[in-house]
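Visitor: The structure under discussion is supplied below as structure tokens; questions concerning it will follow.
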Amino acid sequence: MFHAAQPVAFFDSGLGGISVLRAAVRALPHENFIYYGDSANAPYGTKTQEEILRLSRSVMEKVLAMGAKAVVIACNTATGMAVEPLRRQYPDLTIIGVEPAVKPAAEAYPGGRILVLATPMCLQGARYRELQGRFSDAAQIHPVPCGGLMEFVERGELQGEHLRAYLEEKLQPFLGQRVDAAVLGCTHYPFLRGAIAEVLGPQTAIIDGNAGITAQLRRRLEEQGLLNPSREAGTVTFYNSLEDDAILLRSKALLELPE
Ligand code: DGL
């Protein structure tokens, strides 16, 4: 049985899921959170489905051993490749996955041109293809695989020449055309929002799904009587498979960044 005072665990292939955690900490300030970044095995987005599933299972075991009452898979790639087998393996556990915010983007810009920036494996997966298929009549959706982009966040490089050159090259086919929205379909990318917005220009809305994920987490905890009733401020504890103090410091700094 799970108890309200237990922590909610978030995990990701690295530091990206901190963008989701940041929204959750602000919305649920009395919860205790654990964040596990698997930076030693990052990136997930260019690995095979089998590898991503194996790594996700191993992280899941770790956060459950730390006493998690619910788990947010704060990684689009791991959700796409592993959420269903993990839900089968842990049928009594609340497991919340994330997916690129195609639905809110298509609803906000009907008939519009929408880019979906995400990892190559996320975009190749059956879950993503099904999602895009559901909205392909509602908007023109263009997947943009961004292998190599999450590494900028892992290095703490959130702006600068190299990042700009990378983004200009990836987004080249769309520059100079009308783009209504860009969906940040990898949890690392909200930390690069400013750089992405600068390349795409002010006419393009930049959309992530973090508010929706937080709302879903609150609802699921409420339904199960698992919201922490404490009036004290909750705690956030970071773990990382790299076991390096620098990565833990970088994790804390990312949590403090304004949205
Ligand atoms: N943060 C991850 C996601 O949301 C992926 C980064 C990676 O490991 O390639 O897809």
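The values are calculated or read from the model by the stated rules, or taken from the named source; none is laboratory data. Quick caveat: nothing in here was measured; it's all calculated off a predicted structure. With ideal geometry, Cβ positions are generated from the backbone for all residues, glycine too; neighbour counts draw on all protein chains shown. The area values use the complete protein model at the heavy-atom level, side chains included, leaving out ligands, DNA and RNA. Shrake-Rupley method; radii C 1.70, N 1.55, O 1.52, S 1.80 Å.
Residues are listed down the side, and each one gets a yes or a no for (1) within 19 Å of Pro145 (Cβ to Cβ); (2) within 15 Å of the ligand (Cβ to nearest atom):
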| position | (1), (2) |
| --- | --- |
| Pro43 | yes, yes |
| Glu61 | no, no |
| Cys75 | yes, yes |
| Val83 | no, yes |
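Visitor: Please work out which residue is farthest from Ala253 (Cα to Cα), limiting yourself to region 217-240 and to residues that are open to solvent by less than 40 Å² (accessible area, probe 1.4 Å) and under 20 Å from the mean Cα position of the chain (by Cα).
Guide: Leu221
Visitor: Further, regarding this structure: Could you please tell me which pairs satisfy a Cβ distance under 7 Å, a separation of 6+ or placement on different chains, a first residue in region 141-164 that is among the basic types (Lys, Arg), and a second residue that is modelled with pLDDT of 95 or more?
Guide: Arg164/Ala195; Arg164/Val199
Visitor: Mind counting the residues in region 114-141 that are open to solvent by less than 50 Å² (accessible area, probe 1.4 Å) and more than 16 Å from the ligand (Cβ to nearest atom)?
Guide: Number of matching residues: 6.
Visitor: Taking Pro110 as meeting all but one of (1) in a helix (DSSP H, G or I); (2) more than 16 Å from the chain's Cα centre (by Cα); (3) away from the ligand (no atom under 16 Å from the Cβ), write down the number of the exception.
Guide: For Pro110, the exception is condition (1).
Visitor: Something else now. Filter region 175-198 for residues that are more than 11 Å from the ligand (Cβ to nearest atom) and either farther than 16 Å from Ile114 by Cβ or open to solvent by 20 Å² or more (accessible area, probe 1.4 Å) (or both) and give the result.
Guide: Within region 175-198, Leu175, Gly176, Gln177, Arg178, Asp180, Leu192, Arg193, Gly194, Ala195, Ala197, Glu198 qualify.
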